[in-house]
Amino acid sequence: MAQATQEFGDWPLKRLMTEVCGSGHKSADDLTRAQATEAFERVLADEPDPTTLGAFWLANRWKRNTPEELGAYVDVMCDRVEYAEPDADPVDCGANYDGKGRSAILGVAAGAVAAAAGTPVVVHSGDRVPTQKQDAYKHVLDELGVHTELTPADSADMVDETGFGFYYQPAFNPAVDDLWERRDMMGVRTFVNTIETLANPAGASTHLGSFYHLAFAKKVVDTFVASEFHDLDRVLMFQGMEGYDDVRPGYTKVAEWDAGDDADDAAGSEGASFTDFEIETAEYGMDLEEDDLAVDDVAAESAAITEAVLAGERDGPFADAVAVNAALRIYAGEDADSIEEGLELAREAIDDGSAHEVLEALRAF
């Protein structure tokens, strides 16, 4: 341990547990940026004892991480990510990597529609990520016959050739992928489930994500601001189905952050702005209940829905939901001044066949 302390610093995870964050959710202290940085460097180097690592992850969960801690964890992760930026500046869609199990994944269809309308989109996921190990972007694309186990450079080329790009976590973020077994043994989510969605492997200037509660959206924004690696111009987040980046039907909160004229402004400072507003999806033609989007086989049925909607062969709830989700991506990318305008562009891309052409281009890539 003395050698490890010499290499990493003065804060092995066991000491952090004993002196800082391990005393319970009411009395635990938060980590400083330096402590959080050292802690995650140790984790990624496989230095901590498995029992200590599990205790540290659990302590972070019960005390709840601050944006400063998460920003430090993000920066340590990003130092190890293999970035490949396309010529285009896409909207980065950061859905939960552990996937969905009850409702269709609409982001592939919505992303293809947005791409056809002129807004490049990037999605990224792993393969059966703990804890849920359910279906994610990769599995829908696999069902559609799209190659997913790409190098980051190939993913960037996919964006430029088709307008839609998929980045595969084991290829661009192997350090986090190497934690798979340890995360699986935990049995509960850890802060890694949060930060892996913020990797932004295409170096996009806009991030689109989702949340269960508005406070989490604000925490994600503040995490991006606290990160010394990321330099985003814009973040759009909304209440997603199963925490995914598919907007849920009905009354929905949307959170929007803009860096302003100076992208280095901190959230809440002059120039930067954080606002939230409410939408009723029925007002945008998505007049349905969550049960209307339920499926039994998420990957296979999501792929079939994607194919049918993009080909103009299916209307009704799923087609409406795809159009609204595409509209939010177009709006996030600032290619429409409102969700209503984004919806018009989305429906045009479906009706004129250009959205289906994006899917065919993805298959041919």
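Numbers for the structure displayed
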{"read-out": "Overall dimensions of the range 286-364 by Cα: Rg and Dmax, Å", "value": "12.8, 37"}
{"read-out": "Residues with amide H under 5 Å from that of Gly165, placed H, sequence gap 5 or more", "value": "Val121, Val122, Val123"}
{"read-out": "Long-range HN-HN contacts of Phe211 with modeled amide H, under 5 Å", "value": "Phe238, Gln239, Gly240"}
{"read-out": "Ordering of 171-184, 108-121, 60-73, 133-146 by packing [mean C-beta count within 10 Å, highest first]", "value": "108-121, 133-146, 60-73, 171-184"}
{"read-out": "Sum of side-chain charges, His147 neighbourhood, beta-carbon under 13 Å (Lys, Arg +1; Asp, Glu -1)", "value": "-4"}
{"read-out": "Distance from the range 54-75 to the range 272-289 (C-alpha centre basis), Å", "value": "31"}
{"read-out": "Global form of the range 104-205, assessed from the alpha-carbon gyration tensor, a/c cut-off 1.5", "value": "prolate"}
{"read-out": "Percent carbon-and-sulfur accessible area, the chain, ignoring ligands, DNA and RNA, probe 1.4 Å", "value": "43"}
{"read-out": "Integer Hz, Karplus 6.51/-1.76/1.60 couplings in order for the range 80-94, x for Gly and Pro", "value": "10, 6, 8, 8, 9, 8, x, 5, 6, 10, x, 7, 8, 9, x"}
{"read-out": "Option label - Rg and Dmax of the Cα atoms in Å computed here, alternatives (i) 20.5, 62; (ii) 20.2, 66; (iii) 19.1, 62", "value": "(ii)"}
{"read-out": "Degrees, to the nearest 10: 317-332 long Cα axis against longest axis of the chain", "value": "60"}
{"read-out": "Residue (of Gly271, Val295, Gly203) at the positive-pole extreme of the chain, dipole from beta-carbon charges", "value": "Val295"}
{"read-out": "With Cα atoms, 0 to 90° folded angle of helix 152-162 axis to the chain main axis", "value": "20"}
{"read-out": "Packing rank of 335-346, 274-285, where each peptide gets the mean count of other beta carbons within 10 Å, highest leading", "value": "335-346, 274-285"}
{"read-out": "Degrees between helix 298-310 axis and first principal axis of the chain (Cα, 0 to 90, nearest 10)", "value": "40"}
{"read-out": "222 nm mean residue ellipticity, helices alone, for the chain (DSSP H n ≥ 4; -39,500 (n - 2.57); rounded to 500)", "value": "-13000 deg cm²/dmol"}
{"read-out": "DSSP bridge orientation in the chain - percent antiparallel, rounded to nearest 5", "value": "50"}
{"read-out": "Cβ-defined net charge surrounding Phe8, 13 Å radius [Lys, Arg +1; Asp, Glu -1]", "value": "-3"}
{"read-out": "Gyration tensor (alpha-carbon) shape descriptor, the range 131-290, a/c threshold 1.5", "value": "rounded"}
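The values are calculated or read from the model by the stated rules, or taken from the named source; none is laboratory data. From a predicted model like this one, the values you see are computed outputs, not experimental measurements. Please note: Cβ atoms are built from the backbone with ideal geometry, for glycine as well, and neighbour counts cover all protein chains shown. These accessible areas exclude ligands, DNA and RNA; they are computed on the full protein's heavy atoms, side chains included. Shrake-Rupley method; radii C 1.70, N 1.55, O 1.52, S 1.80 Å.
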